[in-house]
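To start, the structure under review is shown below, and the notes come after it.
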Amino acid sequence: MGKSKKKAGNGPPSEVRDLVSERLSLLEKSLPAESTADLLSELLSGLSGHEAAMFEAMGSLNNGQVLNFLYRIMPLLNDRSQLKAVRGAIYRLEQAGHKADPAAKVSGQSILKPSPQRRMAAYLSELDGDFMRVAFLAVPSASSGYEAMLFLISQDEGLNSLDALSLTSTELAGMIDELSENSIMGMVEVPPEHFRFVTAEAAARAIYLGYSMPDEYDYYLRLASGIPVAEKAAVYRMVQSDPDGSSEEGPLDELTDHPLLGDVFFLEELYPYLKRLEELENSPLVLTEQQKAERRQSLEAEALREAFTPGSLRTFKRFLEETALLLWLASDRRLARTALRAAVELESSPSAYQHSRLLEGLVARSFESMSQLGPEARAKLHAAFADWKPPDFPDFD
C-alpha cells in the first residue's frame, strides 16, 4: 500500500507560512550572528505555537551557515517537538553536503547529553528572633523527581512540624525560591551530615519535652538512612580545616548589628525587668540623667547575672553556632569566627556568660529597645506576657 498524502489543512496557516518565508530571508541576511540567542528570539517572534515550522523550513536553505546556526540553538531549546524539527533540518542540510564547523557542533552537543545527575540537597534557613527555622531535604526518587521533607524547628522546643512531599525538579526549584522569600539569607545549602545533626537534635529535644514524633519522622529516617549524623555543628570542622589558616575575626559590634542577630531581644528572659525599668523612668525621686543611666546599667548587670538559665544559654550557644555556619557558607569568615568564639565562650565556665561581651551588648540593646516603647506598644507587651512565667529552657544536651 502506498503512503497517504498529507492533507493541505494539516500544515500551518497561510499567514504563518508567509511569516516563516520572511524570517528565512532575515536569517540568511543575519548570518553569522553576533548573538545566537537574540537572532533566535527575533526569528520566533509572532510564531508562538508554530516554532517547529520555522525550524523545519530552515532545512530547505542551501546554506552552511544555517547548519551552524541550527547546532548553536539546540542548547537554548527545551520543547521536544522543536528539538525534533531542528534535528530534522540538520539531517537534511548534512544530506545535501553541508558540514558544520567543529565549534558549532560542540556547542550543540550539550542537548544530546544526559540531563545532569540529580543529587541530594539539604537546606536550612537562619534562626529567627524566636529561634525558629525551616529545614528542607530533597532526595532523588527511584524514578524521577525528588522525595522531600519540610521541617519547622524550634531551637527551644525541637521539632515543631514535618511534611513529606513528592516534587519534580521544577517544583523543587520553586519550593526553594518560595521558602527563601521570607528569609534573610534565603535557604542555604548545608552539608547533609549537619542537616542530620540539626534534625536529630530537634527530635531528641522534642521527645525530652514529652512531645510525640509525627508519623512522617520514621519515613524521614528511612529516606536519610545513608547520611551520617555529624557529632557536632559542622562549622567547627570547617574552621579547623580552613586552607587559609587564618584566625582573623570581625568586630563584635559588627556581629551584634548583623541582620542575623537583628531580632534577638530576649523578651521572655528580660520581661520582668521592663516593669523595674518603668519604675525607674517614672520614679518620684528627682534623678539626674547620669543617675538614671547608672541605675539602668545596674539593672542590666543584674539581668545578665540572673535572667539566663543554663538551658536558655545553651539555646543561645547553638544559635551562635548555627549563625557562624551560615556566615561561613556565605564567605563572611571573619564574622563567622567571631560568632563561633562567642559560642565557645558561653560554656567555658559556669559564669562565663556574665563576661560575654556579645551577650552584654545584646542585653543592653534589649533594654534600650524596651525603654523606647511607647504607651500603646508597652500595653500590648504587658498583655502578651500577662501570664508570664520564667522561660523553661531545659538544660538539654
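We did not get these values from a lab; they are worked out from the coordinates using the rules stated. Just so it is clear, the model here is predicted, and its values are computed rather than measured. FYI the Cβ positions are ideal-geometry reconstructions off the backbone, even for glycines, and counts take in every protein chain you see.
Let me know the shape class of the stretch 148-250, please: from the alpha-carbon gyration tensor, a ≥ b ≥ c as square roots of the eigenvalues, rounded when a/c is under 1.5, otherwise prolate if a/b is greater than b/c, or oblate. In terms of gyration-tensor shape, oblate. Can you compute the label reach from GLU28? Point 7 Å from Cα along the Cβ direction, backbone N cut-off under 13 Å, restricted to the stretch 81-101. Nothing falls inside the zone, counting backbone N under 13 Å.
Peptides 262-273, 368-379 ranked from most to least packed, by the mean per-residue count of other Cβ atoms within 10 Å: 262-273, 368-379. Hull volume per residue, based on the alpha-carbon atoms of the stretch 77-225 and their convex hull, is 140 Å³.
May I ask you to list, by number, the DSSP H helices of the chain whose Cα span along the axis is at least 15 Å and whose average Kyte-Doolittle hydropathy reaches -0.5 or more? Don't skip to the end; give the middle numbers.
Values: long enough: 14-30 (24 Å, -0.38); 80-95 (22 Å, -0.66); 169-180 (17 Å, 0.22); 192-208 (24 Å, 0.03); 267-281 (21 Å, -0.74); 289-306 (25 Å, -1.84); 310-329 (29 Å, 0.26); 333-345 (18 Å, -0.25); 357-371 (21 Å, 0.22).
Qualifying helices: 14-30, 169-180, 192-208, 310-329, 333-345, 357-371.
From most to least packed by mean Cβ count within 10 Å, the peptides 246-257, 315-326 give 315-326, 246-257.
Classify the stretch 246-331 as rounded, prolate or oblate, taking a ≥ b ≥ c as the square roots of the eigenvalues of its Cα gyration tensor: rounded when a/c is under 1.5, otherwise prolate if a/b is larger than b/c and oblate if not. In terms of gyration-tensor shape, prolate.
In the structure shown, the pairs LYS292/LYS380; LYS232/LYS317; LYS275/LYS380; LYS317/LYS380 are assessed against 23 Å; a Cα-Cα span above that value is assigned to LYS292/LYS380; LYS317/LYS380. On the basis of the beta-carbon distance and an R0 of 45 Å, LEU373 and SER247 show a calculated FRET efficiency of 0.65. For the chain, the mean residue ellipticity at 222 nm estimated from helices alone is -16500 deg cm²/dmol, where every DSSP H run of n ≥ 4 contributes -39500 (n - 2.57) and the total is divided by all residues, rounded to the nearest 500. Placing unit charges on the Cβ atoms of the charged side chains and taking the dipole of the chain about its Cα centre, the candidate lying farthest along the positive direction among THR36, ALA324, MET132 is THR36.
Packing-based ranking of 94-104, 59-69 yields 59-69, 94-104, ordered from highest to lowest mean Cβ neighbour count within 10 Å.
Alpha carbon centre of the stretch 38-52 versus the stretch 222-291: separation in Å? With the stretch 38-52 and the stretch 222-291 each reduced to a Cα centre, they are spaced 55 Å. Considering only LEU150, TYR91, VAL363, whose Cα is most displaced toward the positive end of the charge dipole of the chain, charges sitting on Cβ of Lys, Arg (+1) and Asp, Glu (-1)? Sorting the options by dipole projection puts first TYR91.
Spread over its residues, the convex hull of the C-alpha atoms of the chain is 262 Å³ per residue. Extension gain, ALA293 to THR309, is 3.1 nm, computed as 0.36 nm per intervening residue step minus the present C-alpha separation.
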